[in-house]
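Visitor: Before we start, here is the structure in question, set down as structure tokens.
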Amino acid sequence: MNGEQSMNIIEASGLGKCYGSTWALRECTLAIPAGYVAALVGPNGAGKTTLLNLAVGLAEPTAGGVAVLGGLPSGSPAALDSLAFVAQDTPVYKNLSAADMLHLTRNLNRRFDQPYAETRLGELGIPLTRKAGKLSGGQQAQLALTLALARRPRLLVLDEPVAMLDPIARHDFMAIMLTAAADDGVSVLLSSHALAELERVADYLILLSRGRVQVAGEVDGLLASHRMLTGPTAEADKYSERPVVHVQRGEAQTHLLVRAAADDPVPPGWEAHPVGLEELALAYLREPGAAALPGPARGRALAAETGEPSEVTR
Ligand code: ATP
């Protein structure tokens, strides 16, 4: 593991943001290791944009602090030099052409890979002469992503990047982001409601609920430590001593999403199935009181050592 991979791209400690009397985010403690495509998920108003804005230095914390890329204060020149942020609503200047946007971004940044940007826009069929305001919502999102990637960042932060995209454009957008992550070693943090897309690309999950971190951890570890048990509804209450995250009760059969290892014994008459990211995230989203969090300030190294990435609390 090299130095880049062993550092945390985002480290938040007791981070909070209050607007008037409303805490948009509170007591947020996180350590997201480098090298992941990290998904930030949560219901509307959970605090995702607030967390991203704090991480990239667009907002000042009310409590605690946040650093990026191995301890650089968020918003510092060194941090800004190495991260690229694409805000919600695809921020492009509508009256400028794609070529103007490239020119502007090149002049505002120390690094800008013009050939990469031109090639990518060509592959996407986005004419350089067309005004950004005349591009479709999806093309504007692709232009914003291209500008961000051409800055050759070490950390790419995206706030709901695929919200405007059709299914194929969504798929392609995620593929491009994955290629950047795999080929250029870019760490990615993106917020999204598109759980099915995230299932394909995310290998780290942060779930926010009502301004608090509800779940955080490596996707593989989270999936390995949860299972779906299906069995007769008449017996469902027997298993209430298990760490049950979510109960879906039918007339005959009940599904329990539980915290359990793959080799834990299955109760007689019950079946156990592995869960996917979408199923896991939905279960926690439906149970805002349940949580799966790493211990205090535990990063990837310790979680890997112990093989125990998280614990369920209710
Ligand atoms: P969504 O999925 O709808 O984009 P979100 O998870 O990104 O939601 P935030 O935009 O971070 O949520 O908002 C979190 C809370 O903070 C909400 O209750 C919101 O109303 C409030 N909030 C966010 N920004 C401001 C602001 N500038 N002034 C006042 N309240 C704000």
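Visitor: What tally of residues in segment 8-22 results from selecting those that are surrounded by fewer than 19 Cβ atoms within 10 Å (Cβ to Cβ) and either part of a helix (DSSP H, G or I) or more than 8 Å from the ligand (Cβ to nearest atom) (or both)?
Guide: 4
Visitor: Please tell me if GLU60 is more than 8 Å from the ligand (Cβ to nearest atom), in a loop (DSSP other than H, G, I, E, B) and more than 28 Å from ALA180 (Cα to Cα).
Guide: Considered against the rule, which asks whether it is more than 8 Å from the ligand (Cβ to nearest atom), in a loop (DSSP other than H, G, I, E, B) and more than 28 Å from ALA180 (Cα to Cα), GLU60 comes out as yes.
Let's see how each residue does on (1) touching a Pro at 6+ places or on another chain (Cβ under 9 Å); (2) modelled with pLDDT under 90; (3) surrounded by 19 or more Cβ atoms within 10 Å (Cβ to Cβ):
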| residue | (1), (2), (3) |
| --- | --- |
| GLU218 | yes, no, yes |
| SER240 | no, yes, no |
| GLU251 | no, no, no |
| TYR284 | no, no, yes |
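Visitor: Which one of the conditions (1) closer than 15 Å to ARG26 by Cβ; (2) within 14 Å of the ligand (Cβ to nearest atom) does ASP89 fail to meet, given that it meets all the rest?
Guide: (1)
Visitor: Show the residue pairs meeting these rules: Cβ distance below 9 Å; 6+ apart or different chains; first residue within segment 16-27 and among the polar types (S, T, N, Q); second residue within 10 Å of the ligand (Cβ to nearest atom) and in a strand (DSSP E or B).
Guide: Nothing qualifies.
Visitor: Can you go through LEU25, LEU40, LEU51 and tell me which one is in a helix (DSSP H, G or I) and either small (Gly, Ala, Ser) or near the ligand (Cβ under 9 Å from one of its atoms) (or both)?
Guide: That would be LEU51, the only listed residue that is in a helix (DSSP H, G or I) and either small (Gly, Ala, Ser) or near the ligand (Cβ under 9 Å from one of its atoms) (or both).
Visitor: Then there is this: Looking at ALA236, ALA216, can you tell me which residue is outside any strand (DSSP E or B) and either in contact (Cβ under 8 Å) with a residue 24 or more places away in the chain or over 23 Å from ALA148 (Cα atoms) (or both)?
Guide: The conditions single out ALA236.
Visitor: Looking only at segment 28-37, filter to residues that are in a strand (DSSP E or B) and more than 12 Å from the ligand (Cβ to nearest atom); which one of those is surrounded by the fewest Cβ atoms within 10 Å (Cβ to Cβ)?
Guide: Among those that are in a strand (DSSP E or B) and more than 12 Å from the ligand (Cβ to nearest atom), it is THR29.
Visitor: Might you let me know whether segment 30-45 holds any residue that is in contact with a Cys (Cβ under 8 Å, 6 or more places away or on another chain) and of a type in the set (Val, Ile, Thr)?
Guide: no
The values are calculated or read from the model by the stated rules, or taken from the named source; none is laboratory data. Since we're looking at a predicted model, the values are computed, not measured. No Cβ is skipped: glycine too gets one built from the backbone with ideal geometry, and neighbour counts run over all protein chains shown.
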